[in-house]
Structures are given as structure tokens and as C-alpha cells.
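To keep things clear, I will list the structure first and then write my remarks on it.
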Amino acid sequence: MTEVPPASPTDAAAPARIVLDPTGERTAAAVPLAERPASLDGRRIGLLDISKARGNVFLDRIAAPAAERGWTVERFTKPTFTKPAPADLRYEIAQRCDVVIEALAD
């Protein structure tokens, strides 16, 4: 938030305006990485398509070798890439999968 003085000296009696910056934080928040398993053997792998173009193609390329290795793979799709995944979808993925790969392709 930045306080901006009146537009001109003739507006000196006008109150200062407050301008809000919509670009977010000035510095990125430090977020620790999630623990990574040593192996995917025996893990249930979730593949999340965020509904961007060609994300499904990327996930197809991940799913094929995973299936060849005998890993359990489940596919999920967000309704739209413009919003966060709905809470019920996040819950379902969390309950059914041990690890998740998310497609961010165009």
C-alpha cells in the first residue's frame, strides 16, 4: 500500500489517496518442500491435470512408464486452470494418493 499525495498543488486541501498494489508480496514467502519418498514402489500416484492445453499429453507420458513399472496411477482433472482446485477434489486426492504430479503445460 502506498500513500500518494494530492494530484496537484492546487488540491493541497484534498486528502491523500491510498493506492493498493495488486501484485502481491514484495518477497516470496519461504515454504519448505514436502517430503519426498525414497521410492515410488508401492505408492499410489495421483496425476492432476489442471485443464491447461496439452497437460493431458504430458500426463499421458508420465502414466505410461509408471504403469510399466507396476505403479498404481490415478488421474484427476481440475474443472478450470483459472481457479484453485475445489476443496472436495483436493480432499479426494489427499485420501487416495501418496504423491501427486501436477501438469502445467501449454
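General observations
- The stretch 44-103: C-alpha gyration tensor shape, a/c 1.5 cut-off, then a/b vs b/c: oblate
- For ASP41 and THR77, the FRET efficiency from 1/(1 + (r/R0)^6), where r spans their Cβ atoms and R0 equals 25 Å, is about 0.45.
- Farthest toward the positive end of the dipole of the stretch 44-103, out of PHE58, VAL99, THR72, is the Cα of PHE58, where the dipole comes from beta carbon charges about the Cα centre.
- Here the 3J(HN,Hα) profile of the stretch 27-39, calculated from phi with Karplus coefficients 6.51, -1.76 and 1.60 at θ = phi - 60°, is 10, 5, 6, 7, 10, x, 5, 5, 4, 9, x, 5, 8 Hz, Gly and Pro shown as x.
- Interchain or long-range residues, amide H under 5 Å from LEU47's placed H: GLU74, ARG75, PHE76, ILE101
- Nearest-20 debye value, the stretch 44-103 charge dipole, Cβ charges on Lys, Arg, Asp, Glu: 160
Bear in mind these aren't lab numbers, they're just calculated from the coordinates by the rules spelled out. Because the structure is predicted, anything quoted here is derived from the model rather than measured. Because the Cβ atoms are built from the backbone with ideal geometry, glycine has one as well, and the counts that use them run over all protein chains shown.
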